[in-house]
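The values are calculated or read from the model by the stated rules, or taken from the named source; none is laboratory data. Predicted model, so just to flag it, every value in this text is computed and none were measured. Glycine also receives a Cβ, built like all others from the backbone with ideal geometry; neighbour counts cover every protein chain displayed.
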Protein chains: 2
Amino acid sequence: MAKVARPTARTRLLEAARRLIRTQGFAATSVDELCAAAGVTKGAFFHHFASKEALGVAAADFWRETTGALFAAADYHRHPDPLDRIMAYLDLREALLAGELQDFTCLAGTLLQEVHHSSPAITAAAWSAVSSHADTLETDFAEAIALHAPAGAPEARQLALYTQAVLQGAFVLAKGQGDAGVARDCLGLLRQYLVLLFQPRRRHENDPST
Amino acid sequence: MAKVARPTARTRLLEAARRLIRTQGFAATSVDELCAAAGVTKGAFFHHFASKEALGVAAADFWRETTGALFAAADYHRHPDPLDRIMAYLDLREALLAGELQDFTCLAGTLLQEVHHSSPAITAAAWSAVSSHADTLETDFAEAIALHAPAGAPEARQLALYTQAVLQGAFVLAKGQGDAGVARDCLGLLRQYLVLLFQPRRRHENDPST
DNA sequence: ACTTACATACCAACCAGTTGGTATGTTTTT
DNA sequence: AAAAACATACCAACTGGTTGGTATGTAAGT
């Protein structure tokens with residue numbers, strides 16, 4: 001039961017897919033290349049995945065699960081004030097902008113750009129990854145709006161999706177510029193928007209007991 | 001120079017590339033497919049372009065020129081106040097969110113996502129398209145900052161690039177959701193950020209936080 | 001005569017996917 | 001408990017079609 005010795009071929013293929021698709025894109029990554037990177041044969045590939053498209057779906061699901069677990073385990077949730085949680089989330093996103101481009105850019109966003117027209121299945125899985133991550137933000141935004149009652153605030157869902165849009169766009173620009181600097185700047189401006197939006201017009205320091 | 005009768009093979013190839021790459025991506029678009037869509041033979045393709053990569057570079061340059069001309073000719077420049085020009089620019093961008101995804105998404109952004117690691121030449125050309133468009137916005141932002149003197153405003157360049165990031169991210173989300181609605185929402189929130197940033201300071205409460 | 005602008009025919013490499021097989025469990029029957 | 005039946009995980013070799021790119025030809029403009 002306990003198989004700790006070595007990741008199974010399926011897992012190694014998914015990890016190879018995560019790396020290769022983030023660097024090269026989906027269409028430019030061949031099945032042979034994936035097998036070579038994972039150290040398995042083509043037979044193993046098509047044993048675990050019915051097609052290259054099925055691997056794309058599985059890779060998007062794998063991305064949703066791994067990133068979901070990463071953010072769920074992060075400690076920005078510890079802040080009692082939901083707005084503090086959101087700011088700490090942005091701090092975390094900024095801290096994650098390290099290493100090479102393929103180390104911090106989003107697999108789901110890359111997939112969406114490429115396959116939105118050719119593969120509904122991959123599109124749905126990749127969108128699910130983005131959307132479910134936005135869900136976790138939406139909760140905090142909804143609480144922040146309820147608590148701080150800013151004037152003219154958009155819906156929580158819109159704020160959550162906007163946050164994801166800024167991140168996705170920041171990745172595109174980072175790929176153009178070749179480094180994460182521009183992405184960092186974008187996060188700074190997003191942070192300023194939220195500060196301006198939630199800025200107290202009257203100061204209330206009462207803390208909801210939790 | 002004036003060949004009005006029928007677009008030359010080169011132009012038809014570039015138009016086909018614009019359409020096909022926006023819908024399918026660069027890697028998923030084959031030379032044969034491009035030739036068929038443009039109604040030319042492979043000989044014509046390789047007469048005008050040394051390689052598929054060279055076509056990618058030319059397509060990015062074509063994109064920069066055509067979109068550059070479109071925005072240069074738009075009438076949002078007529079407003080005397082630079083902030084009005086920026087808001088009218090956002091109105092135009094929102095109005096352009098019509099039709100199918102491949103009709104309003106950005107060729108340069110799509111190219112950047114795909115080829116940032118495999119083709120420095122295409123990356124440079126696509127980034128030049130984004131960057132030169134940001135240049136035109138940067139001018140307006142610089143004037144708006146000088147005129148309205150908002151407190152804590154970022155650099156004009158950062159604002160221009162942030163605007164592009166929001167647009168690029170909005171396109172990614174639109175591809176995930178399958179329609180432009182989410183992109184429209186993102187533009188709305190970007191507009192709100194600029195309103196908050198440039199709005200004249202009213203003194204209701206002093207916030208001594210840094 | 002010479003360049004430009006195409007067209008036709010072709011190629012080696014690569015592509016996703018298939019085939020037939022082996023080794024190793026696991027479950028069911030006897 | 002032993003044998004039979006089945007399932008899982010993987011592999012090496014192969015296939016038909018597609019890929020980007022080339023070699024060669026031709027017709028028109030200058």
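Surrounded by fewer than 24 Cβ atoms within 10 Å (Cβ to Cβ), facing chain B (nearest Cβ under 9 Å) and of a type in the set (Asp, Glu), is that true of A:ASP185? Working first, answer last.
Working: surrounded by fewer than 24 Cβ atoms within 10 Å (Cβ to Cβ): yes; facing chain B (nearest Cβ under 9 Å): yes; of a type in the set (Asp, Glu): yes.
Considered against the rule, which asks whether it is surrounded by fewer than 24 Cβ atoms within 10 Å (Cβ to Cβ), facing chain B (nearest Cβ under 9 Å) and of a type in the set (Asp, Glu), A:ASP185 comes out as yes.
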Legend entry - Some residue of the range B:87-100 being within 14 Å of chain A (Cβ to nearest Cβ), in contact with a Phe, Trp or Tyr (Cβ under 8 Å, 6 or more places away or on another chain) and away from DNA strand D (no atom under 12 Å from the Cβ): yes
Inset, instruction - Examine the range A:81-96 for a residue that is loosely packed, with under 13 Cβ neighbours inside 10 Å and free of Cβ contacts under 8 Å to residues at least 12 places away in the same chain, and state whether such a residue exists. - result: yes
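Do you know which residues across the range B:140-169 are of a type in the set (Phe, Trp, Tyr) and surrounded by fewer than 23 Cβ atoms within 10 Å (Cβ to Cβ)? I'd like the intermediate steps shown before the answer.
Taking the range B:140-169 first, the residues of a type in the set (Phe, Trp, Tyr) are B:141, B:162.
Correct list: empty.
Only one residue in A:ALA28, A:ALA72, A:ALA44 is modelled with pLDDT of 95 or more and farther than 30 Å from A:GLU143 by Cβ. Which one?
Values: A:ALA72 fails: farther than 30 Å from A:GLU143 by Cβ; A:ALA44 fails: modelled with pLDDT of 95 or more.
None of the others qualify; the one that does is A:ALA28.
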Inset, instruction - Looking for whichever is touching a residue at least 40 places away in the same chain (Cβ under 8 Å) and more than 16 Å from DNA strand C (Cβ to nearest atom) here; the options are B:ALA58, B:ALA72. Which one fits? - result: B:ALA72
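Test of understanding: among A:ARG78, A:ARG10, A:ARG22, which residue is exposed (fewer than 13 other Cβ atoms within 10 Å of the Cβ) and either away from DNA strand C (no atom under 11 Å from the Cβ) or under 26 Å from A:ALA165 (Cα atoms) (or both)? Step through it out loud before you land on a result.
Working: A:ARG10 fails: exposed (fewer than 13 other Cβ atoms within 10 Å of the Cβ); A:ARG22 fails: exposed (fewer than 13 other Cβ atoms within 10 Å of the Cβ).
On inspection, the qualifying residue turns out to be A:ARG78.
Residue under question is B:GLU65, and the condition is that it be within 21 Å of B:ASP135 (Cβ to Cβ) and either touching a residue at least 24 places away in the same chain (Cβ under 8 Å) or assigned to a helix (DSSP H, G or I) (or both); does it hold?
Criteria met by B:GLU65.
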Legend entry - Filter pass, A:LYS42 being within 8 Å of DNA strand C (Cβ to nearest atom), out of contact with any Ser or Thr (no Cβ under 7 Å at 6 or more places or on another chain) and under 20 Å from A:ALA129 (Cβ atoms): no
Inset, instruction - Give the range A:154-182 a look and list any residue that's more than 9 Å from chain B (Cβ to nearest Cβ) and assigned to a loop (DSSP other than H, G, I, E, B), or say none. - result: A:ASP179, A:ALA180
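Of all residues being of a type in the set (D, E, K, R) and more than 22 Å from B:GLN113 (Cβ to Cβ) in the range B:5-25, which is modelled with the lowest pLDDT? Just the residue, please.
Here is the first cut: in the range B:5-25, the residues of a type in the set (D, E, K, R) are B:6, B:10, B:12, B:15, B:18-19, B:22.
Filter once more, so that each one left must be more than 22 Å from B:GLN113 (Cβ to Cβ): B:6, B:10, B:12.
Numbers: B:ARG6: 56, B:ARG10: 92, B:ARG12: 95.
It comes out as B:ARG6.
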Inset, instruction - Just name the residue that is farthest from DNA strand D (Cβ to nearest atom) out of those in the range B:26-51 that are away from chain A (no Cβ under 14 Å) and part of a loop (DSSP other than H, G, I, E, B). - result: B:GLY39
Inset, instruction - Of the numbered conditions (1) away from chain A (no Cβ under 14 Å); (2) closer than 19 Å to B:LEU161 by Cα; (3) within 16 Å of DNA strand D (Cβ to nearest atom), B:LEU111 fails exactly one; give the number of that condition. - result: (1)
Inset, instruction - Output the number of residues of the range A:191-210 satisfying the condition of being within 8 Å of chain B (Cβ to nearest Cβ) and at pLDDT 95 or above. - result: 4
